[in-house]
2 protein chains.
Amino acid sequence: MSTYHHGDLPAALLRAAGRTLERRGLAALSLREAARRAGVSHNAPYRHFPDREALLAALAAEGFAMLGERLRGQPGREMGEAYVRFALQQPQRFRLMFGGLVPMTKYPELRNAAQGAYQALIEAFKELPRPELAAAAAWSLVHGLSQLLLDGHFTHTDREAFVRDVLGVVRFAQRAA
Amino acid sequence: MSTYHHGDLPAALLRAAGRTLERRGLAALSLREAARRAGVSHNAPYRHFPDREALLAALAAEGFAMLGERLRGQPGREMGEAYVRFALQQPQRFRLMFGGLVPMTKYPELRNAAQGAYQALIEAFKELPRPELAAAAAWSLVHGLSQLLLDGHFTHTDREAFVRDVLGVVRFAQRAA
DNA sequence: GTGGTATGTTGACATCGTCTACATATTATG
DNA sequence: CATAATATGTAGACGATGTCAACATACCAC
C-alpha cells in the first residue's frame, strides 16, 4: 500500500480544521473530526501537533497572515473597514485569533504572525506625531468595533454605513487632554 | 435528612462556577465540577440550567451587571479607564462575556444585561452632536483596547499610563471626513 | 394525610483529548 | 543494494465531560 502515509497530513488537517471551524464553529472543532476528514486514524494528528491547542495556534497564525494580507493592500482610510470586513467574513477564525484560547507566549510563530498584521496598521500612521499611540488606538477601535458587531451588540440595518460612520467620528490628536 | 434539597442550588452553582472561571479559566469550567463544588450529584444542575450554555449565559449576564455598576459610578473621562480596569481584573469573565460562546439572541436576560451596561456609556455622550455614534466609537475603542491588552498584543511596562495615553489620543468629532 | 410537583440521585452512553504499544513506510548508512 | 534508524500512521485504552432516562425524596396544596 502506498496510502499508509498520507503525503501532507499537516496541511490536510489545517484545511479540514479550517473548514469545520468556519462552518460549524470552534466548539465543533475536534482533533478526531479533523483526522476523520483527512482520512486518517484518530491519533495521526499527534505526529504533527503535540495537542489540540497547537492545532488551534496554527489556525490562528494562518488567520493573522490572512488579515495582514487584507490590510496591506489598503490605503490608510479604508484599512479600518478592511479590518472589520475580515472579521465579519471570517467570524470564527477571528474569534479564535482573539479568544484567548491560544496564549501567544507559547507559540512564537503566532506572535510573529500577529505582529506582522499589526505592522500594516503601524505603517499607516507613520506621519502622525505619536504613531505608536495612534496605531494602538486605531487598532483598538477597529478591533472593538469588529468584536461588538460580531456579538450583535450593534443592530443596524445598514452595517457598512454604520461602520463608516463610527470610524468617521474619530480623530487622532497629538496631545492628551 | 434535610440535606437532600440544597436550599439555593442555582446561586451556589453560579458562585462555584464563577470561582472556577476566574481561577482556572473557561476551559476548566464544567457542569460536573460546579456540581461537585456545590456538593450535589453531577446531574443536579440540570434542574436549574437546561445545559452548559445556559450556565455560561447566566455567568455572562452577571458579568454585564458588574461591568455596568463599575461604569455608572464614573465621570465621563474616567469611564474608559474603568472599562479597561474591569477587563484586566476579571479577564476570564470578560472573555466569556464577549467570546461568542453564548449567543445573545438565545438569552434575553443576557441581552438586557448587556444593554444596561451600554446605557452607562451612552449617557456619557448625551451632549455630543451624534451621541449614538460617539458612544459606539467609544465602546469600540475601550473594548478593543481591553481585548488587545488581555491578549498580550501590547507589551508596555506601565500599563496604566499606556491606557491613558491611548485613550487620550482620540477625539470624537462631529462630521466624517 | 395524600397526591402532585419540584428537586436530587444513579446509571448509562457517545464523544473527546491523550497515553502506550505496535505497524509500516521512508531515509540514511554500510 | 541491504539493513538499520527514523518518521509516520494505527489500535486500543483511560478518564473526563455533556446529556438522557429512570428512579428517589422532599415540599406544598388540598
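The set of residues in region A:81-100 being farther than 27 Å from A:GLY168 by Cβ and without any contact (Cβ under 8 Å) to a residue 60 or more places away in the chain consists of A:GLY100 alone. Exactly one residue among A:LEU71, A:LEU59, A:LEU31, A:LEU67 is within 16 Å of DNA strand C (Cβ to nearest atom) and either of a type in the set (Val, Ile, Thr) or in the same structural domain as A:ALA120 (by TED's automatic domain parsing) (or both), and that residue is A:LEU59.
Taken over region A:118-137, the criterion of being closer than 28 Å to B:ARG95 by Cα and more than 9 Å from chain B (Cβ to nearest Cβ) is satisfied by A:GLN119, A:ALA120, A:LEU121, A:ILE122, A:GLU132, A:ALA135.
Pairs are defined by a Cβ separation below 6 Å, a sequence spacing of at least 6 or placement on different chains, a first member in region A:120-136 that is at pLDDT 90 or above, and a second member that is among the basic types (Lys, Arg); the pairs so defined are A:ALA120/A:ARG72.
On the stretch given as region A:108-117, residues that are open to solvent by 30 Å² or more (accessible area, probe 1.4 Å) and either more than 12 Å from chain B (Cβ to nearest Cβ) or touching a residue at least 12 places away in the same chain (Cβ under 8 Å) (or both) total 3. Only one of the numbered conditions (1) more than 12 Å from DNA strand D (Cβ to nearest atom); (2) without any contact (Cβ under 8 Å) to a residue 60 or more places away in the chain; (3) within 14 Å of another protein chain (Cβ to nearest Cβ) is not met by B:GLY25, and that is (2). Filtered by the rule that a residue be more than 9 Å from DNA strand D (Cβ to nearest atom) and either open to solvent by less than 10 Å² (accessible area, probe 1.4 Å) or within 14 Å of chain A (Cβ to nearest Cβ) (or both), region B:41-66 gives B:LEU56, B:ALA57, B:LEU59, B:ALA60, B:ALA61, B:GLY63, B:PHE64.
The values are calculated or read from the model by the stated rules, or taken from the named source; none is laboratory data. All figures in this text were calculated on a predicted structure; none of them were measured in a lab. Positions of Cβ are backbone-derived with ideal geometry, glycine not excepted, and every protein chain shown enters the neighbour counts. Note: accessible area is taken over every heavy atom of the protein model, side chains too, but ligands, DNA and RNA are not part of it. Shrake-Rupley method; radii C 1.70, N 1.55, O 1.52, S 1.80 Å.
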